[in-house]
1. Using the per-residue mean of other Cβ atoms lying within 10 Å as a proxy for protection, in what order, highest first, do the peptides 96-109, 59-72 fall?
2. To test your reading of the geometry: what angle, between 0 and 90 degrees and rounded to tens, separates the Cα axis of helix 150-166 from the longest principal axis of the chain?
3. Give me P(r) over the chain, computed from all C-alpha to C-alpha distances, binned every 10 Å, as integer percentages.
4. Taking only Cα atoms, what is the 0 to 90° angle, nearest 10, from helix 123-134's long axis to the longest principal axis of the chain?
5. Normalised by the number of residues in region 1-96, what is the relative contact order in percent for Cα pairs under 8 Å and 6+ residues apart?
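Laboratory data are not the source of any read-out in this text; all were calculated from the coordinates shown. These numbers come from a predicted model, not from an experiment. Don't worry about glycine lacking a Cβ; one is built from the backbone with ideal geometry, like all the others, and counts go over all protein chains shown.
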Amino acid sequence: MIDTATLPPQTLHSLYRDHHGWLENWLRKRMGNAWDAADLSQDTFLRVLSSSQQIADMREPRAFLLTVGKRLLSNFYTRRSLEQAYLEALARLPEDSVPSPEQRWLLLETLQALDELLDGLPAAVRRTFLWSQLEGLGYRDIAQRLEVSERTVKRYMAQAYEHCLLVDW
């Protein structure tokens with residue numbers, strides 16, 4: 001049995017050296033794309049670097065890296081889904097209404113930021129907030145869509161606003 005107290009503390013360099021290849025291979029198997037896997041692997045280590053978790057105190061570095069990597073992978077697919085929905089919406093617009101590539105990029109970035117802002121909210125609360133803020137629906141219309149009372153819609157909106165205020169950007 002190894003006495004972990006006698007081992008030298010782990011550094012970012014040793015964490016990267018010992019686990020980068022393993023993490024990138026794990027991501028590649030799930031994504032089927034070496035370039036995206038390499039990007040997410042690098043992003044994972046950047047997140048570790050900026051996290052409050054002390055690298056030297058990690059007992060299970062692969063479990064920690066896997067948790068961070070899974071979250072980034074989920075965010076990646078969410079972003080791809082948002083981009084696809086946006087591109088499909090653009091395809092339905094008349095040609096003279098299509099935004100420029102720069103405007104598209106800004107809109108996609110805004111959609112991603114909004115998605116991250118609302119992350120963690122229950123689906124009904126997210127829908128309520130988005131319908132109210134993006135479609136301009138009133139509480140009565142939202143209540144009808146969700147088949148809930150207007151009072152519930154007000155509670156959902158309060159929950160969404162509170163969440164937005166408390167999110168640490």
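1. On the way: 96-109: 10.5, 59-72: 15.6.
The densest-packed peptide leads the list: 59-72, 96-109.
2. Rounded to the nearest ten degrees, it is 40.
3. Percent of pairs per bin, in order: 8, 25, 26, 22, 12, 4, 1, 0.
4. 60
5. RCO, region 1-96: 29 percent.
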